[in-house]
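Below you'll find the structure, written out as structure tokens, and then a few comments.
None of the figures in this text is laboratory data; all of them are computed from the coordinates on show. Nothing here was measured: the structure is a model prediction, and the numbers come from that model. Cβ placement follows ideal geometry from the backbone for every residue including glycine, while neighbour counts extend to all protein chains displayed.
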Amino acid sequence: MRAFLPVGPNAIALAEVDEVRPGPGEVVIEVAAYSVNRGETFQVENPPADWRPGKDVAGRVVATVDGGPAIGSRVLAHVPHSGWAERVAAPLTQVAVLPDEVSFQQAAALPLAGLTAVRLLRSAGSVIGRRILLTGASGGVGHYVTELAAAAGACVTAVVSSPPRGERLRELGAETIVYDVADAPGRYDVVLESVGGDSLPIALSKLLPRGRLIWFGEASRKPIELDFFTLFDGPENATIEHFHYTDGDDAADLATLVHLVATGRLHPEIGRQEDWSRTPEVLDDLSRRRIRGNAVLTLIEEERAPLDPRTVVTRYVEAVAAGDRTTMRASFAPDVVWTFPGDLPLSGEWKGRDTVLDEFLGAVAGRLFAPGVPVTITLANVMADGDLVFAEWTAAATARSGAPYRNSCGGVFTVRDGAIVAVREYADTDHVRRTLFGSMP
């Protein structure tokens, strides 16, 4: 079978390897998708002997054990290593069955980042009404922690590197976005710190007396220097705790994550999805911080009949209303073109899935509305004629100026092979101009 092997410092290559031989209590999974985590880029820099990379996989069971999932079952797993391959052996204690509502790509993005997020919040205890400061929030862990903590009643301040990276976290419930930990306002009950270097001492100074700092990473790869006398300046009797994500029942926690996704309460943020042949390029982009959220590589596309055009568009608009960016992304063809008529700053052609999602729908449109106030999208009507679908929806929000935004919108969608390839949107552009762009001529 084929698998990625380390071939030197900071280099991997696809090669033929021996077929999987499962040990006691292990099932064999035909891998359909796997995710790449930034921590794995560090391992590839100086790989151990006889080691193959890959922790987070999803696929179908092709060999099982007593008490294990049936052959053919859709599963995800968090394996110790060797997951970037056509097949992998996985301990039954690190496997969970997937419902049909969760795709292989969504599942592959869950294990390491999702387990870390769930267990971090368990370590933090009850977060209802508590102020949480989260550093290094742009990755998969940050997205999961933000959504879960906000849903549990926490007031989350997320530290990110740029506005586009922060916009999605705001949609997931972060109350405050800052671009430098020093700018985080006020004091916090809990700090979740993953950057290290200069970040940790500054984050520590943001704690309330008797607050807790939970350290779970060192993404900056810079050593931490602390002067504990500075604790007398503010966070007296604060606690610093080391956290490692492996402390827990993998099978049970993976099943919890899958249930949260299937019921719409957790949304894997897939910042890049590619064929697995492009793993080396994705590794490089991940190490250079060019990917927001999780990076997922696909070996096998699920054999599902393409949805009819009307269902594709209906599902897309409902995903926008729910803030489900994974479904939004999956609804578009890679070369989709979105046209917004008129002479507004939004007007023109937006080409490519990433451009439409991140620059038009995200970074541009997202900055026009008041932060922390939801945009309510209500689907009014959908009509289809072959590949052409016309959808009507209403949008209600609050502009950054505080003015109420109420617009009726329509879009002509072109759908081919189950994906949206073109959109031409119509709206009351005078209302957009007055409400969102103020005195623009």
Once the convex hull of the alpha carbons of segment 184-247 is built, what does its volume come to per residue, in cubic angstrom?
83
Select from ARG21, ARG329, ARG265 the residue whose mean-square fluctuation is largest in a Gaussian network model of the chain (Cα-Cα springs shorter than 10 Å).
ARG21
Once you list every other residue whose beta carbon is under 11 Å from the beta carbon of CYS155, what net charge do they have if Lys and Arg are +1 and Asp and Glu are -1?
0
Share, in percent, of DSSP beta bridges within segment 113-242 that are antiparallel, nearest 5:
0
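How large is the dipole of segment 298-441 about the Cα centre if only Lys and Arg carry +1 and Asp and Glu carry -1, each at its Cβ, rounded to the nearest 20 debye?
Taking the Cα centre of segment 298-441 as origin, the dipole is about 560 debye.
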What residue among ALA422, ALA319, ALA403 shows peak mean-square fluctuation when the chain is described by a Gaussian network model with Cα springs under 10 Å?
ALA403
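Can you say what percent of the DSSP beta bridges in the chain, counting only those with both residues inside, are antiparallel? Round to 5.
70
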Averaged over all directions, how much area does the convex hull of the C-alpha atoms of segment 219-369 cover when projected, in nm²?
15.2
Of all DSSP beta bridges having both residues in segment 309-436, the percent classed as antiparallel (nearest 5) is 90
What number comes out for the charge environment of LEU192, summing +1 per Lys or Arg and -1 per Asp or Glu over other residues with Cβ under 13 Å away?
+3
Surrounding net charge for THR314, when Lys and Arg each add one and Asp and Glu each subtract one, Cβ distance under 14 Å:
-2
Quick calc, segment 98-173, dipole around Cα centre from Cβ unit charges on Lys, Arg (+) and Asp, Glu (-), nearest 20 debye, gives 400
Rh by Kirkwood over Cα pairs, then Stokes-Einstein D for segment 350-432 at 0.890 mPa s and 25 °C, µm²/s:
175
How large is the Kirkwood hydrodynamic radius of the chain, counting all unique pairs of alpha carbons, in Å?
23.2
Only four residue types carry charge here, +1 at the Cβ of Lys and Arg and -1 at the Cβ of Asp and Glu. Report the dipole size of the chain about the Cα centre in Debye, rounded to the nearest 20.
960
Residue of ALA11, ALA90, ALA419 that the Gaussian network model of the chain assigns the largest fluctuation, springs spanning Cα pairs under 10 Å:
ALA11
Among LEU192, THR116, GLY217 - extreme Cα towards positive end, dipole of segment 113-242, charges at beta-carbon:
THR116
Cα centroid separation - segment 201-274 against segment 1-32, whole Å:
31
P(r), alpha carbons of segment 113-242 - 10 Å bins starting at zero, rounded %
14, 50, 32, 4
Could you tell me which of THR230, VAL261, TRP350 has its Cα farthest along the dipole of segment 211-352 towards the positive end, charges placed at Cβ (Lys, Arg +1; Asp, Glu -1), taken about the Cα centre?
TRP350
Which is farthest toward the positive dipole end of the chain among ALA3, SER331, VAL75, measuring Cα position about the Cα centre, with Cβ charges +1 (Lys, Arg) and -1 (Asp, Glu)?
SER331
